[in-house]
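Bear in mind that the values in this text are calculations on the coordinates, not laboratory data. What you see is a predicted model, and the numbers here were worked out from it, not measured in a lab. No Cβ is skipped: glycine too gets one built from the backbone with ideal geometry, and neighbour counts run over all protein chains shown.
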Amino acid sequence: MLRSFSRGIHSAYTTWRRLRRDDSGSVLSFLVIVPVLIGTVALGVETGEMYRVKRQMQGAADAAALSGSIDRLAGKDAATITATARYEAQRNGFQNAVGGVAVTVNSPPTSGANVSTAGAVEVIITKQQSFSLGAALSSFLGVANQSFTMRSRSVAAQGTYTATTSSKEGCIVALTSAAEQGVSFTSFNNFNSDCTIISNGTSTSSNSSASIYMSGFNNATLKSIWTRGSFHKASYNSFTPTGEVKVNQTSAVVDPYASLPTPSPGTCGYTDFSRSSSSSVTLVPGTYCGGLTVSSVNNLYFTPGIYYVANGDLYLTSVNNVTCPTCTTDNGVAVVLTQTTGNNSDIGGVKISSDNNIALNAGKTNTGTYTGVLFYQDRRATIGTMTSTSKIFTISSLNTVTLNGAIYFPNNRIDISSVNNVGSSTNGCTIWIGRYIKFSSYNNNFKGGCDTYGTTPVSIVTTAPVTKGKVLE
C-alpha cells in the first residue's frame, strides 16, 4: 500500500513540475492546496503505522523482560539473562543489531522505581524509524527526509503469590481446634464415601490419639483425609483415598453453619411429651418443653416443619419405623435442641437406638433459617468432650438409616455405632458436623445429593505458593 502511495506521489510530482510553470490564478491556488492535502493523508497513515510498531515493540519488551526474570530467579548470570531476553525479543520481531533495532537488557534495572526489586529485569528496545510516506513527500517538496528513534521499556520480575482454591467436599467434620483428637473411626467392614473426613484438631500423635484415627476395618474408599494435625490408621486391609491425604494443615476449615442464629422456640406447646407401646404416633411441628420421648412404637410419623426440643433430650428407642410420609425435598424436617429457661445447661441431646429403619430429610424451602439442617444443637450448649455421655447426638443399633441433611452439634460429639446402611451413593446427603466425631461399625456416607436438600458440605480452602511473572513497569 505504501509503495502504491509513493508511486502516486511520484506521478503527481511530474504533474507538479509542469503546473509550477503555469502562472494562472486557478493553477496557483491548486499548487498551494495539493501539498496540504497530501501532507494530511500522509500524516494519518504514518501515525497509524507508528502506533502499530510501538505496540509491537512494547509487547516484545514485556515478553523479553518476563523471560529474563525467569533466568534471574533461577540464579543465571547476566550474560545468560541477556541472551534469553534478546531471543524472546527476536521471536517477537525485534532482533538486536538488525534493521536499526537495539535490545538492551539490565539485571537489575538501572532506572525507574524497581532498581532494588528482587529478581527484576529491565529491557529497553529502540528502533530507528523514518516516515515512509514522508520520504516521498520530502522528495516531492525538495527537502531532506528526517528519521527518529522509537523506544519501549519494560521491567518484570518473578514473584511468589498465594493461590487459593475451595471445594465443598467435607461430610464428616470435627470442629475442635484444640490439640486433641477430632475423629475416631473404628471397627467397620467396608466404608464407601464420595467426600472427605476432616478434623480441625491439632493433635500430632502417631497412634490412637491422632487427630484422625481409623482402625480395625476391612476396606475404606473415600475422597480424602484433611486435618490440622496427624492421621493414623491401623489394622486394616485396604485404604483408598481418591484424593490427597493432607495433614498438619495451617488453617481451620470454615463452619458453614456458624452463622445460624440463636433459636427462638416460642412458648411451650407440649410439656414432657412421651409416648410408648403404641401402634403408631404422629408428631407435629412445635415446641416440646422438657424433652420428647417415643419408645416401643411400631411407626413414628413426623410431619414437615420445625421441631424445637427444649430443656431436655430427644429419645427415639425401640421404634420399628421412623419416617415422614408427607415430606418432600422442599418440605422436610428440622429438629432443634435448645432451651426456654435461660439456662444453657438445659440444652439436651439426641438418642436414637434399637430402631429398625429411620428415614428423614431436611427441608429446602419450609424450614427457613434451618434450610438443609436436619438436627441442630443450639451452640450455647455446654461444651463436651470426646468421652461425654450426655448432650451428644447418638445413633446405635439400627438396620437402615437414611438421614438427608446436616446433623450439626458444634459443641458436642456425634456418636454413631452399629448402623448397617446409611444413605444412597446416587442422591444421599448426610453431613455430620460436631465438635467430635466417633463412628464404629458404620458403612457408608455420601454428599452427592446435598443440592437437592439445600444442605452445605464443608468447604476445604487450600492455599499454595505459586511463582509467576509480573510486569512492573
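Kindly flag which residue pairs out of K246/K391; K54/K76; K246/K438; K223/K351; K223/K470; K447/K468 have an alpha-carbon separation exceeding 27 Å in this structure.
Pairs exceeding 27 Å: K246/K391; K54/K76; K223/K351; K223/K470; K447/K468.
Let's test the formula: R0 of 41 Å, r as the Cβ-Cβ distance of V254 and T149. What FRET efficiency results, to the nearest 0.05?
For R0 = 41 Å, the calculated efficiency reads 0.10.
Count the DSSP beta bridges whose two residues both fall in segment 165-464, then state the antiparallel fraction as a percent rounded to the nearest 5.
Around 5 percent antiparallel, to the nearest 5.
If we count other beta carbons within 10 Å of each Cβ, what is the order of M386, M150, M57, fewest first?
Least to most surrounded, the residues fall as M150, M386, M57.
Subtract the Cα-Cα distance of Q56 and D272 from 0.36 nm times their separation in residues, and report this length gain in nm to one decimal.
Contour length minus the Cα-Cα distance gives 69.6 nm.
At a threshold of 8 angstrom on Cα-Cα distance, excluding pairs fewer than six apart, so keeping six or more, what relative contact order does segment 357-468 reach in percent? Before the final figure, lay out each step's value.
Values: 262 pairs, mean separation 29.0, N = 112.
Averaging sequence separation for qualifying contacts and normalising by length gives 26 percent for segment 357-468.
Residue-wise, which Karplus ³J(HN,Hα) couplings in Hz belong to segment 269-282, taking 6.51 cos²θ - 1.76 cosθ + 1.60, θ = phi - 60°, and x for glycine or proline?
x, 9, 10, 6, 5, 8, 9, 8, 6, 10, 6, 8, 9, 10
Got a sec to turn the phi values of segment 210-218 into Karplus ³J(HN,Hα) couplings, 6.51 cos²θ - 1.76 cosθ + 1.60 with θ = phi - 60°, whole Hz, x for Gly and Pro?
4, 4, 10, 10, 10, 8, x, 9, 7
Taking a spot 7 Å from the Cα of N299 along the direction of its beta carbon, which residues of segment 348-383 have an amide N less than 20 Å from it?
Output list for this probe position: 355-361.
Can you spot the aspartates and glutamates whose alpha carbon is less than 19 Å from K168's alpha carbon? Ignore those fewer than 8 places along the same chain.
Within the straight-line limit of under 19 Å, K168 reaches these aspartates and glutamates: D194, E244, D255, D451.
So, R0 is 51 Å and r is the distance between the beta-carbons of S390 and A74; what FRET efficiency does that work out to, to 0.05?
Efficiency for this residue pair is about 0.25.
Between segment 56-120 and segment 409-473, what is the C-alpha centre distance in whole Å?
49
In which sequence would T202, T341 go, from the one with the fewest C-beta neighbours within 10 Å to the one with the most? Working shown, then result.
On the way: T202 19, T341 11.
Sorted ascending by nearby Cβ count, the order is T341, T202.
Report the label-to-label distance for T365 and D451 in nanometres (one decimal), using points 7 Å from each Cα along the Cα→Cβ vector.
If labels sit at T365 and D451, their model points lie 1.8 nm apart.
Ordered by packing density, taken as the mean number of other Cβ atoms within 10 Å over each peptide's residues, highest first, how do 266-272, 60-66, 98-104, 181-187 rank?
Ranked from most to least packed, the peptides come out as 60-66, 181-187, 98-104, 266-272.
What length, rounded to one decimal in nm, is gained on full extension from T328 through to S206, with 0.36 nm per residue of separation minus their alpha-carbon distance?
39.4 nm
Pull up all non-local amide H partners of F446: gap of 5 or more, or a different chain, and H-to-H distance under 5 Å with H placed in the peptide plane.
Long-range HN contacts for F446: T430.
How big is segment 396-438 by Rg and Dmax over its Cα atoms, in Å?
10.9, 31
Per residue of segment 153-160, what does 6.51 cos²θ - 1.76 cosθ + 1.60 with θ = phi - 60° give for ³J(HN,Hα)? Whole Hz please, x for Gly and Pro, Karplus curve as stated.
Taking θ as phi minus 60°, the curve returns 9, 8, 10, 9, 8, 8, x, 9 Hz for segment 153-160.
How far apart, in nanometres, would the label points at T341 and I383 be if each is projected 7 angstrom from Cα along the Cα-to-Cβ direction?
Taking the two extended label points, one gets 2.3 nm.
Along Cα→Cβ, 7 Å out, is where each label goes; now give me the distance between the ones at A118 and R91 in nm to one decimal.
Between A118 and R91, the label points sit 2.7 nm apart.
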